[in-house]
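Accompanying notes for the structure given below.
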Amino acid sequence: MIIWISGAYGVGKSTLAEALAEKVENSLIFDAEEVGNAIRGNYPGCPYGYIFEDYPLWGKFCCQLLKDIHNNFQRNILVPMTLVRSASYQIIEALARDGIETFLIVLEASHQTVHDRILARGEEEGCWCMENIELARSGCASLPGIHIDTDDKDVGELSDIVLDKIKAKR
């Protein structure tokens, strides 16, 4: 099983993935940002901008790596990574077409909640994540998947909600 966790930058994707890793047997966390850094870092300049989804190879490489890890190591994979482009849902669809049980979880929160969480993790007012809160919130809102409001919920509660919703979809 692959659980892709999307949502605004700073909404709590990585925190939730860590909590789920403790509850989902035989799981690992896949860092799609590392894939993006490798791809973007090897192009001259920054030809496609700063959002990894805008690099054509990023989605393809993530998909191939996820398939390889899932199929060769039989692990449940948690992917905390913001998807803001609707075209990126093709990654989820490709994994499902290849017979991998795949879920997209979309974490939602108010602008203020996301803002406060970004500050709480040590970033400064006006950082890139903060400047792009609305881009991520609006991009994620249009994605199909399981949408979960995270306002006023702690990570333990959220991990239980995610697991209950996945169980109900099976």
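The values are calculated or read from the model by the stated rules, or taken from the named source; none is laboratory data. The shown structure was predicted, so the numbers you read here are calculated from the model rather than taken from an experiment. FYI the Cβ positions are ideal-geometry reconstructions off the backbone, even for glycines, and counts take in every protein chain you see. Areas reflect the complete protein model, heavy atoms only, side chains present, ligands, DNA and RNA absent. Shrake-Rupley method; radii C 1.70, N 1.55, O 1.52, S 1.80 Å.
For VAL35, what is the net charge nearby, where nearby means another residue's Cβ is under 15 Å from its Cβ and Lys, Arg count +1, Asp, Glu -1?
-3
What's the whole-number percent of alpha carbon pairs in the range 88-164 lying beyond 15 angstrom?
63
Under a Cβ-Cβ cut-off of 15 Å, what is the net charge of the residues other than CYS129 that fall near it, where Lys and Arg count +1 and Asp and Glu count -1?
-3
Can you give the Kirkwood hydrodynamic radius of the range 43-137 from its Cα pairs, in Å with one decimal?
Here the Kirkwood hydrodynamic radius works out to 15.4 Å.
For the range 80-108 and the range 1-38, what is the separation of their C-alpha centers, rounded to whole Å?
First find each Cα centre; the distance between them is then 12 Å.
Using just the helices of the chain, give the 222 nm mean residue ellipticity in deg cm²/dmol: DSSP H runs with n ≥ 4 each add -39,500 (n - 2.57), and the total is spread over all residues, rounded to 500.
Dividing the helical sum by the residues of the chain leaves -15500 deg cm²/dmol.
Skip the ligands, DNA and RNA, and give the accessible area per residue of the chain with a 1.4 Å probe, whole Å².
51
When the Cα atoms of the range 1-100 are enclosed in a convex hull and the volume is divided per residue, what value in Å³ results? Can you show the working numbers first?
On the way: hull volume 9.2 nm³, N = 100.
Output value, Cα hull per residue: 92 Å³.
May I ask you to compute the full-extension gain from GLN64 to SER110, defined as 0.36 nm times their residue separation minus their alpha-carbon distance, rounded to one decimal in nm?
Full extension of this stretch gives 13.2 nm more.
Ignoring solvent entirely, what values of log10 I(q)/I(0) come out of the Debye formula for the range 123-170 at 0.20 Å⁻¹ when each Cα is a single scatterer?
-0.86
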